[in-house]
Amino acid sequence: MRNAMDIGNGFMLTTDNSGGIGEKAGDYVSVPDNVTAYFAARVALLEQWAANAEPVTVLIHNFSGSKSWEKYVQGVEDLFREAGLKKTTITGSSETNMDLIQSAVAVTMIGKKNPAPNHDDIQWFTYGIPLVGSEVTEQAHKIASLRKIREAMDIGMIDKLWPVGSRGILAEARELTQNDNLSVESIVDVEKSAGPATVVIVGIPTSQIQNAYAHFGEFFYELHMK
């Protein structure tokens, strides 16, 4: 995976960063700092889940100044609360020597790997709509729900999970299958950026497909790969 690394002894490292998005006058997208950290942490968390790992420690790399630190922590805590996860250790550092004109932050997670599910027969779907920039806050109801994903994982409804970011569904599906010539069909735009992982690709056991439609509801679509 693009943002995940096996660091040995059963631990996975995932990370995501954000620049020019926040509360500074020079930012391209103006949102509260806690929202910026929330979405960076969202990507790192989904990469953990894609690797069948659960986060045990979070590191925040804050380049926006000391005033942003508590807001960034709040954003990570908001994410864990929404996903139904217990609070974990949050540490990191802040750049206080230089006052940058734009916001910048990175969120890194270290997680412990779990045994991976393995079903013989699965079908591919996407959950969520590709959104980028201001669309992420303006159309938040179209973003794949972490709580629903977590609940589906807990009951064995998801066999495989793959977050979709700025490269879009098609590029991520090709990396997932390790097939550069793969073509996909969907009712959503497969080439549009999904920003901070507003979409996930999920492999659903065929025995769970009807349950998955009922569970995920709107914005859950079959992904045809060939």
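The values are calculated or read from the model by the stated rules, or taken from the named source; none is laboratory data. Note that the coordinates shown come from a computational prediction; the quantities given were computed from them, not determined experimentally. All Cβ positions, even for glycine, are placed from backbone atoms using ideal geometry, and neighbour counts span all protein chains on display.
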Task: Members of the stretch 120-156 found to be closer than 18 Å to Glu191 by Cβ, in contact with a strand residue (DSSP E or B) (Cβ under 8 Å, 6 or more places away or on another chain) and of a type in the set (Val, Ile, Thr), listed by number - done: Thr126, Ile129
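Check whether at least one residue in the stretch 160-180 is in a loop (DSSP other than H, G, I, E, B), acidic (Asp, Glu) and under 18 Å from the mean Cα position of the chain (by Cα), and report yes or no.
no
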Task: Residue satisfying condition, being closer than 15 Å to Ala50 by Cα, among the hydroxyl-bearing types (Ser, Thr, Tyr) and assigned by TED's automatic domain parsing to the domain that holds Tyr127, within set Thr177, Thr206 - done: Thr177
Task: Conditions (1) in the same structural domain as Ala212 (by TED's automatic domain parsing); (2) within 20 Å of Gly20 (Cβ to Cβ); number of the one not met by Val164 - done: (2)
TODO: Among residues belonging to the stretch 155-176 that are touching a Phe, Trp or Tyr at 6+ places or on another chain (Cβ under 9 Å) and either among the charged types (D, E, K, R) or surrounded by fewer than 16 Cβ atoms within 10 Å (Cβ to Cβ) (or both), point out the one that is farthest from Val202 (Cα to Cα).
DONE: Glu175
Task: the stretch 57-85 - residue that is in contact with a Ser or Thr (Cβ under 6 Å, 6 or more places away or on another chain) and more than 15 Å from Asn17 (Cβ to Cβ) and, of those, surrounded by the fewest Cβ atoms within 10 Å (Cβ to Cβ) - done: Ser66
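Identify the residue in the stretch 101-121 that is of a type in the set (A, V, I, L, M, F, W, C) and modelled with pLDDT of 95 or more and, among all such residues, is farthest from the chain's Cα centre (by Cα). I'd like the intermediate steps shown before the answer.
We begin by selecting, within the stretch 101-121, every residue of a type in the set (A, V, I, L, M, F, W, C); these are 101, 104-107, 109-110, 116.
Within this subset, residues satisfying the condition of being modelled with pLDDT of 95 or more are 101, 104-107, 109-110.
Values: Ile101: 27, Ala104: 18, Val105: 16, Ala106: 13, Val107: 12, Met109: 12, Ile110: 15 Å.
Restricting to residues being of a type in the set (A, V, I, L, M, F, W, C) and modelled with pLDDT of 95 or more, the top hit is Ile101.
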Open item on the list: Taking the conditions exactly as written (under 30 Å from Gln178 (Cβ atoms) and out of contact with any Phe, Trp or Tyr (no Cβ under 6 Å at 6 or more places or on another chain)), does Ala25 satisfy them or not?
Closed with: no
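Of a type in the set (S, T, N, Q), surrounded by 15 or more Cβ atoms within 10 Å (Cβ to Cβ) and on the phi > 0 side of the Ramachandran plot, is that true of Asn34?
Values: of a type in the set (S, T, N, Q): yes; surrounded by 15 or more Cβ atoms within 10 Å (Cβ to Cβ): yes; on the phi > 0 side of the Ramachandran plot: no.
So Asn34 fails the test.
Among helices (runs of 4 or more DSSP H) lying entirely in the stretch 32-149, which contain 1 or more residues that are in contact (Cβ under 8 Å) with a residue 12 or more places away in the chain, not aromatic (Phe, Trp, Tyr) and not assigned by TED's automatic domain parsing to the domain that holds Ser18? Explain how you work it out, then say what you get.
Values: elements: 33-50, 69-83, 135-138.
Once the helices (runs of 4 or more DSSP H) in the stretch 32-149 are filtered for at least 1 residues that are in contact (Cβ under 8 Å) with a residue 12 or more places away in the chain, not aromatic (Phe, Trp, Tyr) and not assigned by TED's automatic domain parsing to the domain that holds Ser18, what remains is 135-138.
I need a count of the residues in the stretch 191-216 that are part of a loop (DSSP other than H, G, I, E, B) and free of Cβ contacts under 8 Å to residues at least 24 places away in the same chain. It would help to see each step written out before you state the result.
Of the residues in the stretch 191-216, the ones part of a loop (DSSP other than H, G, I, E, B) are 191-198.
The next check asks that each one be free of Cβ contacts under 8 Å to residues at least 24 places away in the same chain; those that pass are 191.
Here the count works out to 1.
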